[in-house]
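The values are calculated or read from the model by the stated rules, or taken from the named source; none is laboratory data. All figures in this text were calculated on a predicted structure; none of them were measured in a lab. Virtual Cβ from ideal backbone geometry, glycine too; neighbours counted across all protein chains shown. Each accessible area value is taken on the protein alone, full model and side chains, heavy atoms only, with ligands, DNA and RNA left out. Shrake-Rupley method; radii C 1.70, N 1.55, O 1.52, S 1.80 Å.
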Amino acid sequence: MLELLPPAVLARLEPHLESVDLRRKDVLFRGNEPSRACYFPGTAVISLVSTLESGESLGVGLVGRHGLAP
C-alpha cells in the first residue's frame, strides 16, 4: 500500500514508519483495546481472528501487502 502513495506523501510519512519483525501467532491488537499502531505488511499476510463466546476462534479477514491492519 505504501508504494502506491505519491512520493511527496510517502516522504512525509517515512520519519514515522518503523520496520518490525513479527512471528507467527503474534498478537498485534485486541478488539477491545485501542490500537497503538498500524501495520503495513510488506512480505506477510495478517490474519484477523475473532474469538467467539464459546472460546472458538474464527478467521474473519486477511490483510496483505496492499492493505493495513490497525
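Scanning region 38-49 for residues that are modelled with pLDDT under 90 and open to solvent by less than 80 Å² (accessible area, probe 1.4 Å), which turns out farthest from residue 4 (Cα to Cα)?
Restricting to residues being modelled with pLDDT under 90 and open to solvent by less than 80 Å² (accessible area, probe 1.4 Å), the top hit is 44.
Please go through region 5-19 and give me each residue that is part of a loop (DSSP other than H, G, I, E, B), open to solvent by 100 Å² or more (accessible area, probe 1.4 Å) and of a type outside the set (D, E, K, R), ordered by number.
19
Is region 49-63 home to any residue that is in contact with a helix residue (DSSP H, G or I) (Cβ under 9 Å, 6 or more places away or on another chain), on the phi < 0 side of the Ramachandran plot and part of a loop (DSSP other than H, G, I, E, B)?
Checking region 49-63: not a single residue is in contact with a helix residue (DSSP H, G or I) (Cβ under 9 Å, 6 or more places away or on another chain), on the phi < 0 side of the Ramachandran plot and part of a loop (DSSP other than H, G, I, E, B).
Say we look at region 50-70 and pick out the residues that are open to solvent by 90 Å² or more (accessible area, probe 1.4 Å) and not polar (S, T, N, Q); which of these is farthest from residue 4 (Cα to Cα)?
53
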